[in-house]
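Visitor: First the structure, which I've put down as structure tokens, then a few questions once you've had a look.
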Amino acid sequence: MTDDMSQAAARPCTLVVCRGCCCGDPVKHPGTDHAAQLARLRAAAAVSDGGFTVRTSDCLGPCGQANIVVVRPSRAGRAQGGRPTWVGFALDDASLDDILTWAEAGGPGLADPPPALTLQVVDPRQG
């Protein structure tokens, strides 16, 4: 198996962090250090030894529930029934703690989200 094929087979949980029109906007959420949030997520991913990755994306919607982080399952998590989970209102350290705890535990399909985080799950079609 080539390195590219083994990497695809082992695709980890991925955090997709919205940094579009509303998410990451210091005018909309002046009490949140958006750059520090992203740096914290990336630093945690770097020490996770491939346990999860972090990407950014332009507007993911739903803008009324910014900041949005989509927790995408790993290949193994998807095989166990995990599906992408949209987390809204990720504006504080407690939210990031819960997101990181879940990603480090394997994410959707492999671990249950922390109970408080379930209150922040949003429907991406509602926005």
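The values are calculated or read from the model by the stated rules, or taken from the named source; none is laboratory data. Given the structure is predicted, the values throughout are model-derived calculations rather than measurements. Glycine gets a Cβ as well: all are built from the backbone with ideal geometry, and neighbour counts include every protein chain shown.
Visitor: Determine whether segment 75-94 contains at least one residue that is modelled with pLDDT under 95 and among the small types (Gly, Ala, Ser).
Guide: no
Visitor: State which residue is nearest to GLN65 (Cα to Cα) when the search covers only segment 77-99 and only residues that are in a helix (DSSP H, G or I) and in contact (Cβ under 8 Å) with a residue 60 or more places away in the chain.
Guide: Taking the candidates together, the pick is ILE99.
Visitor: Here's a follow-up. Here's a check for you: in segment 103-118, which residue that is assigned to a helix (DSSP H, G or I) and either touching a residue at least 60 places away in the same chain (Cβ under 8 Å) or among the small types (Gly, Ala, Ser) (or both) is surrounded by the fewest Cβ atoms within 10 Å (Cβ to Cβ)?
Guide: ALA116
Visitor: In addition: Those residues that are crowded, with 18+ Cβ neighbours inside 10 Å and of a type in the set (S, T, N, Q), I need them from segment 33-78; list them, please.
Guide: GLN37, THR53, GLN65, ASN67, SER74
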